[in-house]
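The values are calculated or read from the model by the stated rules, or taken from the named source; none is laboratory data. Quick caveat, the model's predicted, so the values are computed rather than measured. Don't worry about glycine lacking a Cβ; one is built from the backbone with ideal geometry, like all the others, and counts go over all protein chains shown.
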Amino acid sequence: MALRFLFVFFLLFILSCEQGQRSNKSTINFVIIFLDDAGYGDFEPFGMPKYKTPEVARLAKEGCRFDRFYVPQAVCSASRAALMSGCFPGTTGVFAAHGPGQSGLPTKFPTMAEVLKEKGYTTGFFGKWHLGDVKGQRPHERGFDETAGIMYSGDMWRYHPVRPKGWGNLAFWENGKITNEDVSPKDQTLFTKTFTEKAVNFIKKNKDNPFFLYVPHPMPHVPIFCSKEFEGKSGLGLYADVILEIDWSVGQINQALKDNGVEDNTLVIFSSDNGPWTVYGDHGGTTPFREAKATSFDGGCRSPCVIKCPKVIKAGTQSDKTFCSIDLLPTIAKLAGIDDTNLNVDGKDMIDLIVDAPHFKNSHEYYPQTIGKNFQAIISGDGKWKLHIPHKYKSLNGQDPSATKEYITHMGYKIRKPTVSQVMLKIEYALFNMELDPLEKNNVIDKFPKVAEKMKALADFHKKKYFTKK
């Protein structure tokens, strides 16, 4: 314990070096770029797409690539609530994806922005919120000083061909006010560009003060759009064009940190809220893992992750250590000099993991996986084992989602249809060795009965604690 205290003290000390002219409240900034439905294989160096993503690749070369980063639920609102609160969906009660006008993350769970504001940080949000579209829960009311974006997914609007009840105009908010009551498809083409420009400007304005910048891009969640500058640029279709613009955005934000002299004392995190929505074929991304978004298989819950902080993270490194988005809040709080014992969260400080400290051992016994309110799987804290609890799940079942390219025209807007019909499958108790079998193909539950017994006991504990009505 004493050695760890000295390690963390030294880490915070080197972050503060050469920062005497900055605010004495804190010495490290935080930037989180969080994509929507991006596939693990959409970017270099995680995949080998037919197009190039030099800016994400550069970020990885300047920081560390984390290959086993998880979200606790592979659906929008639940994933974002976990990131912002440091808590499991079973703790916050935020499951699945909330629609227009619906409540989201309860105010009793402080957001990352609220935690950092207490330490004197200036905070900015530019992108898609999806954590509550009611008074008291929007980003300008949850700790963010400067805000711009949409309150829920870009497909939850009047152009949707089905238009579930409650879906109408998509509003664009800026600093607590609606500045565009009816976002159009043309407006969405400017989303990535607009949020990037606002993020860069935010860095420039706050370079002399500690800041937290959260950029949850609405792309590449359907419907996908890109600006004219990137339309047709890839030569490989709209989805690739959208990814190229996101890659450009990462480069612009990374360069802004350099240009404003804050690169060395800024921690940058790049990831996605969940895996790709593969049912949309060439309007969805790719993953090498089993299944995709809205499943508890790794195709849904394992996301690409890059973390860069030149003072503490060795450049060009790669890690296969397992951790989860709920761990980011306590980690960031610790780096900001906040006493994490006052944080009532499920996540744990992972400073030792991100800096590759010797003899690191994840103190989580397990990470749970849910879809909606259904508890479906757990992953051991060391990442070696994954146990699926009997559950049903939607699957393409081997169908090629890129085989057909059908569109619907609705209100004059051309909309990509899901390419194939998913089928409902069921998995029984299944144990996978994720080090040897990351694709979750070989159920080894009969070969490792003691491991299975331990994992089932952990699953029973979690279910009783978080999913039993009191």
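Mind checking which residues of the stretch 384-416 are of a type in the set (K, R), over 22 Å from H283 (Cα atoms) and buried (at least 16 other Cβ atoms within 10 Å of the Cβ)?
If the condition is that a residue be of a type in the set (K, R), over 22 Å from H283 (Cα atoms) and buried (at least 16 other Cβ atoms within 10 Å of the Cβ), then K386 is the only one that fits.
Answer yes or no as to whether T419 is at pLDDT below 95 and surrounded by fewer than 21 Cβ atoms within 10 Å (Cβ to Cβ).
Judged against the criteria, T419 is not a match.
Where the second residue is among the β-branched types (V, I, T) and outside any helix (DSSP H, G or I) and the first is assigned by TED's automatic domain parsing to the domain that holds S79 and under 15 Å from G251 (Cβ atoms) and lies in the stretch 34-60, which pairs have Cβ atoms under 6 Å and are six or more apart or on separate chains?
Pairs that qualify, where the first residue is assigned by TED's automatic domain parsing to the domain that holds S79 and under 15 Å from G251 (Cβ atoms) and the partner is among the β-branched types (V, I, T) and outside any helix (DSSP H, G or I), are F43/T53; E44/T53; L59/V306; A60/V306.
Tally the residues that are over 16 Å from A74 (Cα atoms) and among the small types (G, A, S), restricting the search to the stretch 281-329.
Total meeting the criteria: 4.
Restricting to the stretch 422-470, count the residues that are among the hydrophobic types (A, V, I, L, M, F, W, C) and surrounded by 15 or more Cβ atoms within 10 Å (Cβ to Cβ).
12
Among (1) basic (K, R); (2) closer than 14 Å to S325 by Cα; (3) surrounded by fewer than 24 Cβ atoms within 10 Å (Cβ to Cβ), where does R80 come up short?
Going through the list (1) basic (K, R); (2) closer than 14 Å to S325 by Cα; (3) surrounded by fewer than 24 Cβ atoms within 10 Å (Cβ to Cβ), R80 breaks only (3).
Considering only the stretch 235-276, state which residues are part of a loop (DSSP other than H, G, I, E, B) and crowded, with 24+ Cβ neighbours inside 10 Å.
D273, N274, G275, P276, listed by residue number.
From (1) among the hydrophobic types (A, V, I, L, M, F, W, C); (2) out of contact with any helix residue (DSSP H, G or I) (no Cβ under 7 Å at 6 or more places or on another chain); (3) under 22 Å from T123 (Cβ atoms), pick out the condition that doesn't hold for F109.
(2)
Considering each of Q422, Q376 in turn, give the residue that is closer than 18 Å to V222 by Cβ and in contact with a strand residue (DSSP E or B) (Cβ under 9 Å, 6 or more places away or on another chain).
Criteria check complete, one pass: Q422.
Output the residues belonging to the stretch 13-60 that are at pLDDT 95 or above, of a type in the set (S, T, N, Q) and not in a loop (DSSP other than H, G, I, E, B).
Scanning the stretch 13-60 gives a single hit, N29.
Among the residues of the stretch 70-111, count how many are within 22 Å of H160 (Cα to Cα) and hydroxyl-bearing (S, T, Y).
2
For the stretch 140-178, enumerate the residues that are polar (S, T, N, Q) and over 28 Å from V115 (Cβ atoms).
Answer for the stretch 140-178, where residues must be polar (S, T, N, Q) and over 28 Å from V115 (Cβ atoms): just N169.
Restricting to the stretch 368-382, name every residue that is of a type in the set (G, A, S) and not in a loop (DSSP other than H, G, I, E, B).
Listed by number, the residues that qualify are A377, S380.
In the list L425, L396, which residue meets the criterion of being among the aliphatic types (A, V, I, L, M), in contact with a helix residue (DSSP H, G or I) (Cβ under 8 Å, 6 or more places away or on another chain) and not assigned by TED's automatic domain parsing to the domain that holds A96?
L396
Report those strands (runs of 3 or more DSSP E) wholly inside the stretch 407-470 carrying at least 3 residues which are in contact with a Gly (Cβ under 8 Å, 6 or more places away or on another chain) and among the charged types (D, E, K, R).
none
When you go through (1) among the hydrophobic types (A, V, I, L, M, F, W, C); (2) buried (at least 24 other Cβ atoms within 10 Å of the Cβ); (3) out of contact with any Phe, Trp or Tyr (no Cβ under 6 Å at 6 or more places or on another chain) one by one for I332, which number turns out not to apply?
Condition not satisfied by I332: (3).
What is the one condition in (1) over 19 Å from F270 (Cβ atoms); (2) surrounded by 19 or more Cβ atoms within 10 Å (Cβ to Cβ); (3) in contact (Cβ under 8 Å) with a residue 40 or more places away in the chain that G149 does not satisfy?
Tallying (1) over 19 Å from F270 (Cβ atoms); (2) surrounded by 19 or more Cβ atoms within 10 Å (Cβ to Cβ); (3) in contact (Cβ under 8 Å) with a residue 40 or more places away in the chain, G149 fails exactly one: (1).
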